[in-house]
Amino acid sequence: MESAVKPAHSKNVNDSTPNTRKKCPQCGLVNAAADGVCRRCGVELDAEPLAPSDTPGKAAPRKSRSFLKRVAFIAGATLTILLIFYLSLIFTSDGLQPAERDQIQRAIAILGQKGFSREAFVLKQLASFRTSDNWLNAYVGHRDAYAATNFPFEVVTLYPDFFNLPVDDTERAAVLLHEARHLLGDGEEAALELTWKNKRQLGWTEDKYGQTRVWDATEDLTRPMFAYMFQCGADGQTDCYR
């Protein structure tokens, strides 16, 4: 009896047939193997999927202005306004004569020699000196003074008394020390206090300048504001920073 040999199952023809279809990476449509581009969207089947913004027929969305660009715009506009304001202070006032400039430079040099390097730097490198009121000073008005300062524009207006009343360059240096403190942001009280406390370091002392008009005017302003600085000596009314 012949044994029946059970034939082996043959593989499905389709199992050995390579994949004959291509799936579109963009829209997902299954295309024939021979297709080079998608029948639905026209994308090359071997190409990378397109980003949404690159889809044919669609414009890329307009990017909004970044935060840094806005800050830069605001900063630029602010600087422009400040520059215009500064120039208006300069163009509406008078500059220095050569002799006046020399007096100022000598007084600034004294400040530097006496240890007030910061104040000397601000006066020499940053300050713009004028000899008449600009429009802002004229509008606001001011009391009788040797000088006026426009902070933070670093404009110093020096009136005729600054050049005529001080007895020498050291006394002018005392006035400029006061104004330099304004250029650095100090108010009137702080500028008066620092100038009076440091007058000996500057060489502006009572034994030499106690009878000058600048000394008297400065003391008259300082004493009411800072009584504690005039409570020394046997009588309790002597300047503590002589």
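What follows is calculated from the coordinates using simple rules that are stated; it is not laboratory data. Note that the coordinates shown come from a computational prediction; the quantities given were computed from them, not determined experimentally. Cβ placement follows ideal geometry from the backbone for every residue including glycine, while neighbour counts extend to all protein chains displayed.
Results, tabulated for the structure shown:
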quantity: Scope segment 176-216; condition of a type in the set (A, V, I, L, M), under 12 Å from residue 119 (Cβ atoms) and in contact (Cβ under 8 Å) with a residue 60 or more places away in the chain; matching residues; calculated: 176, 177, 180, 183, 184, 202
quantity: Among (1) under 24 Å from the mean Cα position of the chain (by Cα); (2) among the hydrophobic types (A, V, I, L, M, F, W, C); (3) more than 30 Å from residue 205 (Cα to Cα), the one test that residue 138 misses; calculated: (1)
quantity: Complete set of residues in segment 183-220 that are of a type outside the set (D, E, K, R), within 38 Å of the chain's Cα centre (by Cα), assigned to a helix (DSSP H, G or I) and crowded, with 17+ Cβ neighbours inside 10 Å; calculated: 183, 191, 192, 194, 195, 196, 202, 214, 215, 218
